[in-house]
Every structure is written in C-alpha cells, then in structure tokens.
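Quick notes on the structure that follows.
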Amino acid sequence: MSPAEPGVSEVSVGAEILVRAIPGVPTVDRGDDLVTLIIASLERANVGLRDGDVLVIASKIISRAEDCFVDLSTIEPSKDAKALGAEVDKDPHLVELILRESESISRKRKGALIVRHRLGFVSANAGIDASNAAPADAPAHSGPWVLTLPRNPDATARKLHADLAARYSADVGVIVTDSWGRPFRAGTVGFAIGSSGIPPIWDRRGATDRHGRKLEATATAVADAVAAAADLVAGQADEGRPVILVRGLRFKSSAESSHALLRDQENDLYA
C-alpha cells in the first residue's frame, strides 16, 4: 500500500449516509442467478443505482446460490478431527469440515475453535453457518446441514459489480459480508470478505489533520466500515434483509479486492 498522491482523495464521506435494506429479496437456493434476483428486487422497490452507491450482500445468499451446502452426516471425520472434537467439545464431523476450510488453528479451548480461514482471515469455526442452512431439495431425514463461506467471494463481487455497473451505467461498489468476533471485544460485527469497485482501504498517509500535522499511519478500512454499518440494518436473526444499499459515499473505482484488508501473518499479533 503506497501513500495516496497529495491532493487526490480515493474516498470522501459527507455529513450523512443512507443505509437501506432492499425489500423482497427471495430465499436463494443453489443455481439461482443472484444478479437477476437483485435487479428484480431493486426494480420492485423502485430503486435505481447511481454513482457512489454500494450494494452490501450477505455471504449466506451467495453460499446458497453457489451450492456451498454440506450434509455433515456425509463427512467422515479423520483421527485428528475426532481428537480435536473431543478436546473442544464439538461434533467431529463439524471439526473435520472446519479443518478442511482452514489453513491453520489459531486458538482452541472447550467450545471454541478459532482458525485462519483458507481466504486468509481469522474466524470462529471457519465461518461455517448452521442457521437456515438446508437446501430447498434436502431429502427427508438428511442432515444436519451447514453452509460454508463462498469459495471466492472477491470473484463473485467482481462479477456482480460488472453486471450491476453495466445494467445501471453507474460507478457502483459491491461488498460481500460475513459477521465475526474481534479480539478483546464482545459481540460480532459485519466485515468484508469480498469487494469490488470500492477501495477496500482509504490510505490517508500524507494528508494533514486540522492542525496541519501530516498523517503518517492512518488508513481507514472502508469496506469493513461499510459492512459493519450495513450489518446493523441487515440483522443477524430472522430479519431477512440480505441486500443493503449504502448511499452517500464518493469514491474512485478501484480494482483492489478485499485481500488488501488482510494483515501479513508475520505482522498479525492476534493470529
């Protein structure tokens, strides 16, 4: 990440932004065309996209569309998964899937398994979700079912961004979100696991504060900040609001992905 050119702002935010759920997004199942469903929901709500708009999309509906369903009863736990499951008091079938979705184990204790996900971030249980996780055509007496995170959320964000930008002739952003806990803080917040079009990080180095002091280390995690704001409206229970419009930002279109938000492992004190 290099300092921004003096006088050039990648992102600007006014005194207010609008955060609005797009109503009427149907339950998504494997094989569904997400961009078609999203555009139809926007049109029913009489909402068009314009320059600077950001659509924040819950990873769960992407996982469902991309058939990331797993029937845990079909997973054969390894010897390591069985031993680890006994140690942390978790179903060894789930532990096996967590290990398959992870690069390494960061922390473990009874009831908790914190891992570095294959996508690069650290999360509990590799982001595997057991809530509303069965496909529509799940056979009777199958399961329990879970959903893994999308295979490549940045690639999905890029495709959605390209399709939406073409449909509305607008310079928009797309962020794919999940929720996570944070070291030393209670509760969960939304964060970006995929992004396209919007700068994921706003590098302020070289800018000055109100007293003329040059900023040397300030960088705002724009995609995560937008994801967290959208998460308040989306909810994490039965709200059924997987697509959120954030309006009021101005930004230069960016080819960077959410990968820019990952801290190098050698510099990550929490990993």
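The values are calculated or read from the model by the stated rules, or taken from the named source; none is laboratory data. In this text the structure is predicted, and so the values were computed from the model without any measurement. Here Cβ is always computed from backbone atoms with ideal geometry, including for glycine, and neighbour counts include all displayed protein chains.
Within segment 104-153, the only residue that satisfies the criterion of being touching a strand residue (DSSP E or B) at 6+ places or on another chain (Cβ under 6 Å) and among the acidic types (Asp, Glu) is Asp129. Against the list (1) assigned by TED's automatic domain parsing to the domain that holds Leu99; (2) under 21 Å from Ala40 (Cβ atoms); (3) touching a Lys or Arg at 6+ places or on another chain (Cβ under 6 Å), the condition Ala170 fails is (1). Scanning segment 38-60 for residues that are within 19 Å of the chain's Cα centre (by Cα), within 27 Å of Trp202 (Cβ to Cβ) and outside any loop (DSSP other than H, G, I, E, B) gives Ile38, Val54, Leu55, Val56, Ile57, Ala58, Ser59. Among the residues of segment 150-190, those identified as surrounded by fewer than 24 Cβ atoms within 10 Å (Cβ to Cβ), of a type outside the set (Asp, Glu) and within 10 Å of the chain's Cα centre (by Cα) are Ser179, Trp180.
From Gly52, Gly48, grab the single residue that is at pLDDT below 95 and over 19 Å from Ser179 (Cα atoms).
It is Gly52.
Comparison of Val8, Val35 shows that the only residue that is at negative phi, modelled with pLDDT of 95 or more and not in a strand (DSSP E or B) is Val35. So, Ser142, is that one of a type in the set (Ser, Thr, Tyr), part of a loop (DSSP other than H, G, I, E, B) and either over 20 Å from the mean Cα position of the chain (by Cα) or at positive phi (or both) or not? Yes.
Only a single item in (1) closer than 19 Å to Val13 by Cβ; (2) free of Cβ contacts under 8 Å to residues at least 60 places away in the same chain; (3) not hydrophobic (A, V, I, L, M, F, W, C) is not met by Arg247, and it is number (2). Return the total of residues in segment 216-255 being of a type in the set (D, E, K, R) and touching a helix residue (DSSP H, G or I) at 6+ places or on another chain (Cβ under 9 Å). Of the residues in segment 216-255, 3 are of a type in the set (D, E, K, R) and touching a helix residue (DSSP H, G or I) at 6+ places or on another chain (Cβ under 9 Å).
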